[in-house]
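The structure appears below as structure tokens.
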Amino acid sequence: MAFRLPLRSPRELTRDKSDAGFTLLEILVVITIIGLLIGLVAPAALRQLSGARVSVAKQSIERLSGVLDLYDLDMGAYPSTEQGLAALVKRPTGTANWNGPYLKGDSVPLDPWSRPYVYRSPSERAQHDYDLCSSGPNAAQTGADMICNP
């Protein structure tokens, strides 16, 4: 006599709704796919963020250069290195023609890396009245890594 497995009805072969869910293998596959996507997308997104900060720094330097030009029109000279960019917000001592504040707020804006802009007047570069620079992503104080007014 041969042994036979009992026949099951199609209803017994399907899962009940109470048994519905994901298997461990399915969850692991989804987690692996998400991990791969993050690994591929995150570096590209970080590169874009770095490029955006450099662009914002250049635009901010151009805007501050325009404000410094307004200061020069009123005062007849750019602020000295000692006065710095604070002269755009608060009246320097001993000035009569100051029509500021030239910037909104009580403080000078910071660069996109939350560091103060480097301001020197007179300029250390040829054919410039002043230097207005951001130390950039590497916090460089001199050299090609700085982002300066054109």
Take each of the peptides 37-49, 116-128, average the number of other beta-carbon atoms within 10 Å over its residues, and list them starting from the highest.
116-128, 37-49
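Taking only C-alpha pairs under 8 Å that are 6+ residues apart, what is the relative contact order of the chain in percent?
Working: 142 pairs, mean separation 26.6, N = 150.
Across the chain, relative contact order equals 18 percent.
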Quick shape check on region 51-101: root eigenvalues a ≥ b ≥ c of the Cα gyration tensor, a/c under 1.5 is rounded, otherwise prolate if a/b tops b/c, else oblate, and it reads prolate
How large is log10 of I(q)/I(0) for the chain at q = 0.09, 0.17, 0.20 Å⁻¹ when the intensity is taken from the Debye formula with one equal scatterer per alpha-carbon?
-0.49, -1.00, -1.22
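Express in nm, to one decimal, how much length is gained between ALA77 and ARG47 on full extension, taking 0.36 nm for each residue of separation and deducting their alpha carbon distance. Let's see the in-between values first.
Working: separation 30, 0.36 × 30 = 10.80 nm, distance 3.97 nm.
My answer for the length gained is 6.8 nm.
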Kindly express, to the nearest 10 degrees and within the range 0 to 90, the angle between helix 24-75's C-alpha long axis and the longest C-alpha principal axis of the chain.
10 degrees
Hey, if you put +1 on the Cβ of every Lys and Arg and -1 on every Asp and Glu Cβ in the chain, which of THR95, ILE33, HIS128 ends up farthest toward the positive end of that dipole?
ILE33
Which ordering of SER60, SER134 is given by a fewest-first count of other beta-carbon atoms within 10 Å?
SER60, SER134
How big is the dipole moment of region 32-150 about its Cα centre under a simple scheme where the beta carbon of each Lys and Arg is +1, that of each Asp and Glu is -1, and everything else is neutral? Debye, nearest 20, please.
400 debye
In nm, what is the difference between 0.36 nm times the number of residues separating SER107 and PHE22 and their Cα-Cα distance?
25.0 nm
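Bear in mind that the values in this text are calculations on the coordinates, not laboratory data. All figures in this text were calculated on a predicted structure; none of them were measured in a lab. As a convention, Cβ positions derive from the backbone with ideal geometry for all residues, glycine included, and neighbour counts pool all protein chains shown.
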